[in-house]
Amino acid sequence: MRFGSTIWIYLICAVLLFIIAYTRVGQKEAVSGVRSSFVLFLEILPLIIIAIVIGGMIQVIIPQELIEQFLGTSSGIKGIVTGSLAGSVMPGPPYASLPIVASLLKSGAGTGPMVAMVTAWALWRVNLIPLEIAFIGPKFMAIRFLSTLLFPILAGLIAQFIVVRLIAHL
């Protein structure tokens, strides 16, 4: 594994936070914080591995031509809507869904449809609707959903515009 700048930044932050915790609240608490992070890591590790395997299987099972047809840069608004709908039903936290998005990008999906997918995942996830209704009520859920209805598609169109019009000319 190559240590890129992002990994170094996170590592430096983790060390600094450990030093701050060690000096402010003590050795026992700082070590307890490290232990709890390892417990969390072990809890989410299976999901990360499964998501990465799913991403790899997508690359193997779904023909690149099919991904390009439905989610590619040239798929236009159809690809952006498809990405939005797929994002709305994609379950799980970011560490489970983003490997799938990365796999689709590597397999020929366009930036616009993938931005729409990630945006819809963040805003429209249908598996969260029952929780929203239970905790904040159906009226609030409906207002929130309707107020964000166009964002995934708009985000996908903007991303597609940036890629096609601006970045292509650089």
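Throughout, read-outs are computed from the coordinates displayed, never taken from laboratory work. Bear in mind that the values here come from a model prediction, so they are computed numbers and not experimental data. Positions of Cβ are generated from backbone atoms using ideal geometry, with glycine treated the same way; all protein chains shown enter the neighbour counts.
Worth pointing out:
- Inter-label distance, nm, simple model (7 Å from Cα along the C-beta direction), VAL25/ILE77: 5.2
- Relative contact order (percent, whole number), region 77-170, Cα cutoff 8 Å, 6+ residue spacing: 38
- Of the DSSP H helices in the chain, those with a Cα length along their own long axis of 30 Å or more and a mean Kyte-Doolittle hydropathy reaching 0.0 comprise 27-61.
- Only Cα sites of region 27-92 enter the Debye sum here, all with the same form factor; the resulting log10 I(q)/I(0) across q = 0.16, 0.19, 0.20, 0.27 1/Å is -0.71, -0.84, -0.89, -1.12, listed in q order.
- Candidate cross-link partners of LYS78 among the lysines, defined by an alpha-carbon separation under 28 Å and a same-chain spacing of 8 or more, comprise LYS106.
- Values of log10 I(q)/I(0), in the order q = 0.11, 0.20 Å⁻¹, for region 15-170 under a Debye, Cα-only, solvent-free model: -0.60, -1.12
- Top positive-direction residue, dipole computed over region 36-144 with Cβ charges, set ILE133, VAL89, ILE100: ILE133
- Each helix, a run of at least 4 DSSP H residues, gives -39500 (n - 2.57); summed and divided by the residues of the chain, these come to -25500 deg cm²/dmol at 222 nm.
- Measuring between their Cα centroids, region 140-170 and region 1-72 lie 27 Å from each other.
- Taking 7 Å steps out from each Cα toward its Cβ at ILE143 and SER32 produces label points 4.1 nm apart.
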